[in-house]
Every structure is written in structure tokens, then in C-alpha cells.
Amino acid sequence: MTTPESLTFRSDVTVELVKSSASDADVLFAARVSTAGEQSLDELKKDPERSKGLINFLMRDRHGSPFEHNSMTFFISAPIFVFREFMRHRVGWSYNEESGRYRELQPVFYVPDESRKLVQEGRPGKYVFVEGTPAQHEAVTGALRESYEQAYTAYQKMLADGVAREVARAALPVGLYSSMYATCNARSLMHFLGLRTQHELAKVPSFPQREIEMVGEKMEAEWAKLMPLTYAAFNANGRVAP
């Protein structure tokens, strides 16, 4: 049976790029077939400045399909409530999450650290989050830890009594950590980043929950290294997906 010492509490998320086939050359390869027929993947090397200009043109004028001919697969560890928000993104995404039907879920839970703003001020559509007081942070930490301990104790008791994992998991909260593979292309990732991150260069304001923004920031950093010209054009054109 679980004890308070056996539970793990985290405030972070992890994102690992496990495989990719994504480069700026993929965008050029796809775009230039429109006017020149079959193309070589070495297009970028022939005229770097012209290639940079073409990618910026495609981004600016929202010719989106050339940005789909690539692939990135991430392994993500985050609280379940983050993954529920991920599932709003369906076009150009594929997901496989660990299953509570087939394995016993581990006692790893989300507790926000002191950097997490706790208080929402304002009405829907015009609200902001502000710092919580030390007393509020203490209250959140205590309440979540107590709740998690009770939930995981109930989960383990049901398993010990022979209840199926798919039934017993109903006792567990959305603050439980899960893991999944998420595969996308650059266009679908840009749509995700436009909604799930805040950025000074964004033309359209976004109001993401901080925890999914943390995931988005880590994915963005990996993508920027794979497709630097595409990433620069995305930022230069207001972080609006084509």
C-alpha cells in the first residue's frame, strides 16, 4: 500500500525529440514542384538567399501545404490535464499515450512550484494571472498532496482487491503524470504554438495554460534547430501558421 514517501511530486515537463525527418529543404522541395516539376532536395544549397526568400513568401502569403512534408516525433511527460488540451489539436497530429488499462500507473503527480501564478483576475477573455501569496502556495501544495495520496491509496486498494486496472484508474486525478508520443509536421506545430505559447512577436494574442506552454516551448526549441529558416519566417510573420 502507498505511503506519503512513495509518491513523487514534480512541477516540470519533459520533451524529447526521438526522431525527425524535417528540414528547410523539405519546404523548398515541395514548393518548387508547382512551377518546376520534379525537384532535388539540394535546392537550399543552390541559392540560399533565394531559398530564404521563398520560405518567407510562403509563410507571409499563407501557402501552407509545403510546410507539411516533414515529420517530428516527440516523447512527452506531463500531467494528464496537459494531454487533454493536446487532444484539441487533431489535424496533422498523431498520438499514442501510455494506457491505464494495461499497466499499473505510477504515483507521480503535479504540484506547481512557486513560479506558477495562482490567481486569476478579470473576466473571461480579458483576464490575467498574478502571483499567489506564500499562504496560497502552501495551501495548494498541501491540498494537492493530500488529495493525491488519498486517490492513489484508493487506486492501489482496488487493485489489491482484484479490481481491473481500467476500473481502478477512475480514482486517479488529472494531476497524475502520463507519457505519450506525439508526431506532427511543421505546419501543425505552428498552429499549436500560435495557440499554446505567448510571444512578443505574435500578431494574435494567446492565453495558454502555463503547463501546456511549457511543453510548447520545449518543442519549439527542438523544431527551431531542425528548420531555422522556417522558424525565422514564422516569427517574422507574426507567428501565424500558414
Among SER77, SER188, what is the fewest-to-most ranking by other Cβ atoms within 10 Å? SER77, SER188
The equivalent-ellipsoid semi-axes of the range 70-117, taken as the square roots of five times the Cα gyration tensor eigenvalues and listed largest first in whole Å, are 22, 18, 10
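How many percent of DSSP beta bridges within the range 1-157 run antiparallel, rounded to 5? Don't skip to the end; give the middle numbers.
Values: 10 of 13 bridges.
Around 75 percent of the beta bridges assigned by DSSP in the range 1-157 are antiparallel ones.
Does the range 129-242 come out rounded, prolate or oblate, given a ≥ b ≥ c as the square roots of the eigenvalues of its C-alpha gyration tensor, rounded meaning a/c under 1.5 and, failing that, prolate meaning a/b above b/c? Working shown, then result.
Numbers: a/c = 3.88, a/b = 1.83, b/c = 2.13.
Verdict is oblate for the range 129-242.
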One-quarter of the Cα convex hull surface for the chain, in nm²? 15.6 nm²
How large is ³J(HN,Hα) for each residue in the range 231-242, as worked out from phi by the Karplus curve 6.51 cos²θ - 1.76 cosθ + 1.60 (θ = phi - 60°), to whole Hz, x for Gly and Pro? 5, 5, 5, 4, 5, 5, 10, x, 6, 9, 5, x
Using only the Cα atoms of the range 170-223, construct the convex hull and provide its projected area averaged over every direction, in square nanometres to one decimal. 4.8 nm²
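May I ask you to derive the FRET efficiency for ARG10 and PHE57 from their Cβ-Cβ distance with R0 = 30 Å, giving the value to the nearest 0.05?
Details: r = 43 Å, r/R0 = 1.44.
So, using R0 = 30 Å, E works out to roughly 0.10.
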Tell me, what does the Kirkwood hydrodynamic radius of the range 127-191 come to in angstroms if you use every pair of distinct C-alpha atoms? 15.3 Å
Cross-link candidates for LYS218: which aspartates and glutamates have Cα within less than 15 Å, leaving aside residues fewer than 8 places away along the same chain? ASP12, GLU16
Gaussian network model of the chain, Cα within-10 Å springs - most flexible of VAL128, VAL15, VAL91: VAL128
So how do 146-154, 133-141 stack up, highest first, on mean other-Cβ count within 10 Å? 146-154, 133-141
Per-residue [θ]222 nm for the chain (sum of -39500 (n - 2.57) over DSSP H runs n ≥ 4, rounded to 500): -13500 deg cm²/dmol
Of the residues ASP26, ASP61, ASP12, which exhibits the maximal mean-square fluctuation in a Gaussian network model of the chain defined by a 10 Å Cα contact cut-off? ASP61
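No lab work stands behind these numbers, since they all come straight from the coordinates. Since the structure is predicted, the reported quantities are computational estimates derived from the model, not experimental observations. Ideal geometry is used to build each Cβ from the backbone, glycine not excepted, and the neighbour counts take in all protein chains shown.
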